[in-house]
Amino acid sequence: MSIERWQTAWRQLIAPGAPFEVVTPNDGAPRYFRHAPRNLLQVIDAGRVHGDREFLIWQTQRLTFNQFFDQVDRLAEQMVAQFDLQPGERVAIAMRNQPAWLVAFAAIQQCGGVCVPLNSWGLRDELQHGLQDSGSRVLLCDEARFNTLAEDLRREQRATIVVGARDGVLPEYCLRFEDLIIAPAAPFPARPIDPEQAALILYTSGTTSRAKGVVSSHRAISQALFALDFQGAFCAMSSPERIGVVINSGYLPTILAAVPMFHVSGLHAQFLSALRGGRRLLLMYKWDVEHALDLIRDERCTQFNGAPVMMQQLLASPRFASEHTASLFGLGLGGGASSAGVLDNMLRLKPEVIGGAGYGLTESNGIGAAIGGDPFVYKPASAGWALPIVDIRIGDDPHQAQSAGARGLIWLRSPTLMSAYWNLPEATSHCLRDGWLDTGDIGYLDDEGFLTITGRVKELINRGGEKISAAEIETCILDMPGVLEAAAFAIADPLLGEVVGLAVHGQASSLPQEPQVCAFIAERLAAYKVPARVYRLLDPLPRNATGKVLKAHMQENLDA
């Protein structure tokens with residue numbers, strides 16, 4: 001392994017005339033990829049060349065690229081014909097992962113609409129907030145979400161397309177998705193799309209407050225997707241032996257998609273990247289580790305990306321080290337910090353694996369830093385180097401960067417950043433400052449330029465003036481045998497203001513007791529970081545759709 005060799009490969013990829021040529025504007029604007037698509041229509045239409053190759057697999061449904069695009073074209077034509085959908089109008093999607101979700105997204109873009117993916121895990125109030133806040137004219141939803149919202153949709157007479165509706169008469173304001181995708185399609189003229197035009201409103205997780213709508217332009221998403229392509233190319237150049245094993249295996253590139261499509265890791269890194277690249281995409285309705293292993297075995301999946309808790313469950317299964325995962329060469333981590341134990345297990349059980357991780361936010365379209373292949377083996381706990389179109393600064397002020405190794409607030413600048421929070425100018429100005437994104441995350445850049453995430457600003461526990469990172473404690477205790485999940489948080493204390501509380505989840509037979517947990521942490525971290533109270537939980541920690549622990553909800557139940 002050689003840092004110099006990796007840096008040379010990096011420079012070759014972004015040089016003038018190279019496939020991933022990076023342009024530095026004279027006006028001080030962020031760098032960008034010269035050859036990236038201009039808008040999402042170009043991104044989506046690139047998938048049409050793959051023809052009769054198999055694209056989507058979900059339960060009993062199997063679609064080729066041609067069949068997928070046939071449904072997209074028919075749905076787009078029908079949305080214009082039935083609803084007179086105009087460019088710039090918002091169209092919401094509320095359903096669990098299935099082919100209709102992907103068809104709907106592509107059709108909305110073909111109409112020039114703005115797609116509003118809603119959190120399908122949300123309850124009625126959360127779904128209604130997204131619909132009303134975005135002002136979506138049309139809703140595409142599955143039957144479960146339709147039933148949840150039935151009273152609201154009837155009251156508002158909101159135009160709705162229902163997927164998988166059982167036999168029976170739908171209300172007059174509803175159409176059946178299955179009817180629309182077999183209706184005759186009369187192609188309508190392509191609608192011109194300005195790269196700066198809004199393409200997407202993705203709602204943030206909303207773990208502590210109302211979810212905010214993140215507005216992204218066609219250009220921002222297209223640059224983000226090209227950055228993902230760059231990372232794949234750089235991984236191949238920096239890890240030729242690992243890539244050679246994959247190529248020589250003969251397996252078709254097949255992604256197991258278990259994360260929701262209403263999140264950037266599912267929408268950008270899996271769906272849209274697979275569509276452009278001609279890769280098979282296997283959709284899971286919801287995460288289940290045994291079912292995931294069945295799918296990996298039966299469909300010969302080559303790539304799985306998931307949150308650390310998913311990866312932990314996958315690695316913990318006795319089946320992982322068996323022939324059931326013989327085809328699985330790519331493992332990607334995202335959505336949270338991983339413990340050293342998870343990373344060690346991944347590399348021990350699959351030494352030839354192309355492991356990877358990354359760092360990004362909904363507000364940056366998932367783009368920030370990335371690492372994969374040999375560099376991942378070199379520094380598995382880091383988030384990698386800033387991607388070529390990204391500037392990363394550490395400190396309270398992005399214009400006064402701190403030195404290597406100093407921890408502080410992480411700022412990002414790139415062409416992939418959101419345009420704004422939807423209808424929230426004050427929140428936008430607080431988060432976006434002079435073109436820099438205040439991520440709310442804490443981390444540092446080492447002397448080789450690798451980024452490491454150490455916690456969240458809002459998840460710092462202030463114990464008598466000493467700031468403690470919740471993430472540091474969680475990462476530490478996850479290395480203790482018997483602990484499957486962990487969440488650290490502040491507990492009010494009359495003397496110190498706040499002290500550390502820690503919830504740990506595991507099996508009843510192996511979950512350590514409070515004194516053992518505290519002793520384990522005391523051997524590894526400063527005394528003031530040892531929890532004042534440990535809660536042992538036999539049920540998994542509550543999480544939102546993106547895999548983040550719902551700490552406020554959990555604490556309410558702990559205190560009840």
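Every number here is computed from the coordinates shown, using simple stated rules; none is lab data. These figures come from a predicted structure and were not determined experimentally. Cβ coordinates were reconstructed from backbone atoms using ideal geometry, including for glycine residues, and neighbour counts include every protein chain displayed.
Above 27 angstrom, tally the Cα pairs of region 50-204 and express them as a % of all pairs, no decimals. Across region 50-204, Cα pairs with separations above 27 Å total 19 percent. Applied to region 424-432, the Karplus parametrisation 6.51 cos²θ - 1.76 cosθ + 1.60 on θ = phi - 60° returns per-residue 3J(HN,Hα) values of 10, x, 5, 5, 5, 5, 6, 8, 9 Hz, with x for Gly and Pro. Selection among 528, 211, 100 by position relative to the dipole of the chain gives 100 as farthest towards the positive end (Cβ unit charges, Cα centre). State which entries of 286/548; 212/286; 212/548 exceed 22 angstrom in Cα-Cα distance in the structure shown. Beyond 22 Å between Cα atoms: 212/286.
The distance between label points at residue 247 and residue 125 comes to 5.5 nm (points 7 Å beyond Cα on the Cα→Cβ vector). Helices in the chain, meaning DSSP H runs of at least 4 residues, each add -39500 (n - 2.57). Divided by all residues, the mean residue ellipticity at 222 nm is -9500 deg cm²/dmol. Loop-resident chymotrypsin sites (Phe, Trp or Tyr not before Pro) (DSSP state other than H, G, I, E or B) in region 65-157 with no more than 15 further Cβ atoms inside 10 Å of their Cβ: 121.
The alpha-carbon atoms of region 462-557, seen along their principal axes, cover 34, 29, 20 angstrom, with the largest extent given first. A crude spin-label estimate for the pair residue 176 and residue 523, with each label 7 Å from Cα along the Cβ direction, gives 6.4 nm. In this structure the amide hydrogen of residue 493, modeled in the peptide plane, comes within under 5 Å of the amide hydrogens of 498, 499, none closer than 5 places in sequence on its chain. Its alpha carbons considered, region 337-413 gives a radius of gyration followed by a Dmax of 14.1, 44 Å.
How much length would be gained if the chain were fully extended between residue 509 and residue 3, taking 0.36 nm per residue of separation minus their Cα-Cα distance, in nm to one decimal?
Working: separation 506, 0.36 × 506 = 182.16 nm, distance 4.51 nm.
Full extension from residue 509 to residue 3 adds 177.6 nm.
Straight Cα distances below 17 angstrom link residue 467 to the aspartates and glutamates 396, 441, 459, 493, 498, with same-chain residues fewer than 8 positions distant left out.
Dimensions of the chain from C-alpha coordinates, computed as largest minus smallest value along each principal axis and given longest first, are 70, 58, 53 Å. Converting phi to 3J(HN,Hα) with the Karplus coefficients 6.51, -1.76 and 1.60 and the offset θ = phi - 60°, region 446-456 yields 7, 6, 9, x, 7, 8, 10, 8, 10, x, 10 Hz in sequence order, with x at every glycine or proline. A straight line joining the Cα centroids of region 357-433 and region 277-308 runs 28 Å. With contacts taken as Cα pairs under 8 Å at a separation of at least 6 residues, region 204-361 carries a relative contact order of 19 percent.
Annotation: amide H of residue 424 has no partner in the under-5 Å range at sequence separation 5 or more or interchain, hydrogens built in the peptide plane. In terms of its Cα atoms, region 209-328 spans 44, 37, 21 Å along the principal axes, sorted from long to short.
What ranking of 302, 428 emerges when the number of other C-beta atoms within 10 Å of each C-beta is taken as an exposure proxy, fewest first? Mind showing how you got there, number by number?
Details: 302 21, 428 18.
The most exposed by this proxy come first: 428, 302.
In this Cβ point-charge picture (+1 for Lys and Arg, -1 for Asp and Glu), region 137-256 has a dipole of about 300 debye about its Cα centre.
Each Lys and Arg contributes +1 and each Asp and Glu -1, all at the Cβ; summed about the Cα centre of the chain, the dipole is approximately 440 debye.
Only four residue types carry charge here, +1 at the Cβ of Lys and Arg and -1 at the Cβ of Asp and Glu. Report the dipole size of region 464-559 about the Cα centre in Debye, rounded to the nearest 20. Write out the running numbers ahead of the final one.
Working: 8 positive and 12 negative charges, 27 e Å.
Value, rounded to 20: 140 debye.
Our note on the geometry: Cα centres of region 245-262 and region 460-507, 36 Å apart.
Set Lys and Arg Cβ to +1 and Asp and Glu Cβ to -1, take the dipole of the chain about its Cα centre, and tell me which of 43, 334, 554 lies farthest positive. Of the options given, the answer is 43.
Sort 235, 115 by Cβ crowding within 10 Å, fewest neighbours at the top. Mind showing how you got there, number by number?
Numbers: 235 22, 115 26.
Sorted ascending by nearby Cβ count, the order is 235, 115.
Contact order, relative form, for the chain: 11 percent (alpha carbon pairs under 8 Å, 6 or more residues apart, mean separation divided by residue count). Backbone amide hydrogens, once placed in the peptide plane, bring residue 55 within less than 5 Å of 63, 64, 65, excluding anything fewer than 5 places away on its chain.
Per-residue 3J(HN,Hα) values for region 55-67, derived from phi via the Karplus relation 6.51 cos²θ - 1.76 cosθ + 1.60 with θ = phi - 60°, read 10, 10, 10, 7, 6, 8, 8, 9, 10, 7, 4, 4, 5 Hz in sequence order (x marks Gly and Pro). The residue among 149, 345, 127 whose Cα reaches farthest toward the positive pole of the charge dipole of the chain, with charges on the beta-carbon of Lys, Arg, Asp and Glu, is 345.
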